[in-house]
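The values are calculated or read from the model by the stated rules, or taken from the named source; none is laboratory data. Please read these numbers as outputs of a predicted model, since none were measured by experiment. For neighbour counting, all protein chains shown are included, and Cβ atoms are generated from backbone atoms with ideal geometry for every residue, glycine included. We work out accessible area using only protein heavy atoms, side chains counted, and drop any ligands, DNA or RNA first. Shrake-Rupley method; radii C 1.70, N 1.55, O 1.52, S 1.80 Å.
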Amino acid sequence: MRRAQLRSPRTTHAIQTLHVVILGNGITGASAAVRLRELRPDWQITMISGESAHPYSRPALMYVFIGHMRYQDTKLQEDSFWPKQRIDLVRDWAVELDAPAKRLRLHRGGELTFDRLLLATGSKPNRFDWPGQDLRGVQGLYGLMDLKLLHDNCEGARQAVIVGGGLIGIELAEMLHSRGIHPTLLVREPAYWSNVLPEDEARMVGRAIDAAGIGLRLESELAEIVDDGTGRAGAIVTKAGERLEAQIVGLTAGVSPNLDLVGDTQIECERGVLVDDGLRTSAEDIWAAGDCAEIRREGDERNLLQQVWYTGRLQGRLVAESIAADSRAAGAAPSYDPGLWYNSAKFLDLEYQTYGEVRPGGRGQESLWWQHESRQMGMRIALAEGDRVAGFNVVGLRYRHEVCRRWLSEGRGLDYVLDHLGEANFDPEFEPRFEPTMATSMRGARP
Ligand SMILES: Cc1cc2nc3c(=O)[nH]c(=O)nc-3n(C[C@H](O)[C@H](O)[C@H](O)COP(=O)(O)OP(=O)(O)OC[C@H]3O[C@@H](n4cnc5c(N)ncnc54)[C@H](O)[C@@H]3O)c2cc1C
């Protein structure tokens with residue numbers, strides 16, 4: 001790894017010789033660095049992260065812990081890729097940003113000056129000042145340091161409680177289960193992840209959790225974490241007064257944009273670092289993208305906060321184009337188009353994909369749901385005006401990404417989609433075909 005050259009501040013630059021610093025080497029920062037190198041072969045690019053020397057795949061953390069993957073196999077590129085691309089990697093924490101002076105102060109001492117800066121600092125796990133949250137054995141799951149901590153915390157532990165009903169909580173449960181520790185998920189809502197999933201899908205996930213032998217307490221909220229007398233967690237107590245023994249307490253109640261470095265600056269923030277559709281912040285020559293960024297929307301539309309892997313990659317590539325554009329050239333800067341929403345996850349053995357617009361909890365939207373009577377399989381088609389298909393939730397089945405996206409972008413109607421469902425089935429050779437019953441059942445459910 002090459003150390004970046006630490007330089008003194010500069011004030012004027014020719015466009016050919018700019019130094020771009022990328023803060024954060026997650027999918028956003030790494031995608032931006034690669035794209036920027038394609039666009040600007042001559043610029044100096046430095047990417048900093050306190051977490052890891054090389055960019056790696058955060059969603060693969062679970063597989064590293066369980067032993068299904070080695071850490072080195074989760075790296076986004078071979079180590080030799082970065083020097084070949086002349087992208088300098090710095091392993092350090094930035095502790096202060098002086099935006100007007102275009103300077104970062106680093107934890108190990110020294111300063112790094114830039115002409116253009118990308119903030120790609122990701123998210124941080126939420127904490128809600130729960131009594132006992134600083135005891136040993138209490139932790140979140142976000143990065144490599146958490147894996148090491150979890151490994152240590154597992155020593156001698158028998159039970160765990162995981163607070164929060166989202167995707168990371170269920171991964172943490174699976175990780176602990178793989179070490180013979182019994183986890184119980186504590187979920188405030190009446191069904192798992194029901195602020196996102198409609199009730200039917202949430203119940204299916206609940207059944208998958210039961211079947212895996214993982215505990216699930218619905219409509220339960222954490223009141224406090226109890227000290228075992230040695231400064232380590234020994235149990236938790238819920239707001240209803242229930243006590244659950246737990247030597248490990250996982251805090252996975254969502255994430256929020258990491259604003260640590262911008263807190264003391266004039267850069268405008270709301271939930272995230274506010275950016276325009278070219279992902280520019282309110283400060284000159286500073287951009288933000290990925291989990292930490294909040295994209296301003298016009299009129300009544302809510303600002304956009306996207307905190308998933310593929311949007312990090314999309315935003316990373318786009319922000320590189322925005323940084324590379326000569327801002328003096330009118331109309332040169334690109335604008336971010338979020339396109340159709342897509343996400344996929346695995347709840348234990350249950351696969352889940354969502355495309356387009358299926359509203360949170362299914363609220364305020366007409367939709368049709370089909371579910372296999374005995375197997376864990378379901379499909380929801382959400383509708384917009386005039387029977388146009390607005391989105392899909394696919395659970396326990398695998399449907400073709402490109403076909404679902406095409407139907408949505410072509411604005412296909414319900415009848416067309418039901419007539420052609422078989423085209424989207426990913427495994428027609430190996431899976432029994434459910435499309436005819438699915439189509440009949442959905443048509444029958446219409447008034
Ligand atoms: C356990 C887990 C599983 C996930 N699984 C999925 C999944 O299956 N599918 C999916 O779509 N999404 C998943 N996500 C979400 C996805 O990983 C994130 O949306 C994505 O990683 C965000 O990328 P990013 O580059 O914006 O930020 P990050 O990946 O968070 O990278 C930011 C980097 O910046 C560094 N940094 C921050 N501040 C500083 C500083 N001051 N100095 C130096 N370095 C700094 C951080 O250490 C970090 O390495 C998962 C997240 C977690 C935590």
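Observations, loosely collected:
- The condition of being open to solvent by less than 30 Å² (accessible area, probe 1.4 Å), touching a Pro at 6+ places or on another chain (Cβ under 9 Å) and at pLDDT 95 or above holds for only one of L118, L172, L106, that being L172.
- If only residues of the stretch 265-307 that are touching a helix residue (DSSP H, G or I) at 6+ places or on another chain (Cβ under 6 Å) and in contact (Cβ under 8 Å) with a residue 60 or more places away in the chain are counted, the one that is most open to solvent (accessible area, probe 1.4 Å) is Q307.
- Within the set V255, V262, V308, V275, the sole residue that is within 14 Å of the ligand (Cβ to nearest atom) and in contact with a Leu (Cβ under 8 Å, 6 or more places away or on another chain) turns out to be V262.
- All positions within the stretch 141-162 that are open to solvent by 10 Å² or more (accessible area, probe 1.4 Å) and closer than 12 Å to T252 by Cβ: L141, Y142, D146
Yes/no matrix, rows are residues, columns are (1) within 27 Å of G206 (Cα to Cα); (2) open to solvent by 70 Å² or more (accessible area, probe 1.4 Å):
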{"position": "P360", "(1), (2)": "yes, yes"}
{"position": "R363", "(1), (2)": "yes, yes"}
{"position": "L368", "(1), (2)": "yes, no"}
{"position": "I381", "(1), (2)": "yes, no"}
{"position": "G396", "(1), (2)": "yes, no"}
{"position": "E402", "(1), (2)": "no, yes"}
{"position": "L408", "(1), (2)": "no, no"}
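- Selection from the stretch 121-140 of residues that are surrounded by 14 or more Cβ atoms within 10 Å (Cβ to Cβ), charged (D, E, K, R) and more than 21 Å from the chain's Cα centre (by Cα): R136
- Check on T113, in contact with a Cys (Cβ under 6 Å, 6 or more places away or on another chain) and either buried (at least 16 other Cβ atoms within 10 Å of the Cβ) or within 30 Å of A345 (Cβ to Cβ) (or both): no
- Any pair with Cβ under 9 angstrom, 6 or more apart, that starts in the stretch 428-446 at a residue that is in the same structural domain as L414 (by TED's automatic domain parsing) and modelled with pLDDT of 85 or more and ends at one that is exposed (fewer than 13 other Cβ atoms within 10 Å of the Cβ) and of a type in the set (K, R): none
- Of all residues in the stretch 132-145, at least one satisfies being within 16 Å of the ligand (Cβ to nearest atom), in a helix (DSSP H, G or I) and at negative phi.
- Residue that is modelled with the lowest pLDDT, among those in the stretch 175-193 that are of a type outside the set (A, V, I, L, M) and open to solvent by less than 10 Å² (accessible area, probe 1.4 Å): Y192
- Within the stretch 373-431, the set of residues being of a type in the set (S, T, N, Q), part of a strand (DSSP E or B) and farther than 18 Å from G362 by Cα comprises just one member, N425.
- Residue satisfying all of: in the stretch 333-357; touching a Phe, Trp or Tyr at 6+ places or on another chain (Cβ under 6 Å) and among the hydroxyl-bearing types (S, T, Y); most open to solvent (accessible area, probe 1.4 Å) among these: Y342
- Residue in the stretch 48-60 that is in contact with a Cys (Cβ under 8 Å, 6 or more places away or on another chain) and open to solvent by 10 Å² or more (accessible area, probe 1.4 Å) present: no
- Contact map, the stretch 98-121: first residue over 18 Å from I323 (Cα atoms), second residue in a loop (DSSP other than H, G, I, E, B) and within 12 Å of the ligand (Cβ to nearest atom), Cβ cut-off under 6 Å, separation 6 or more or different chains; pairs are L106/D92; H107/D92; H107/W93; R108/D92.
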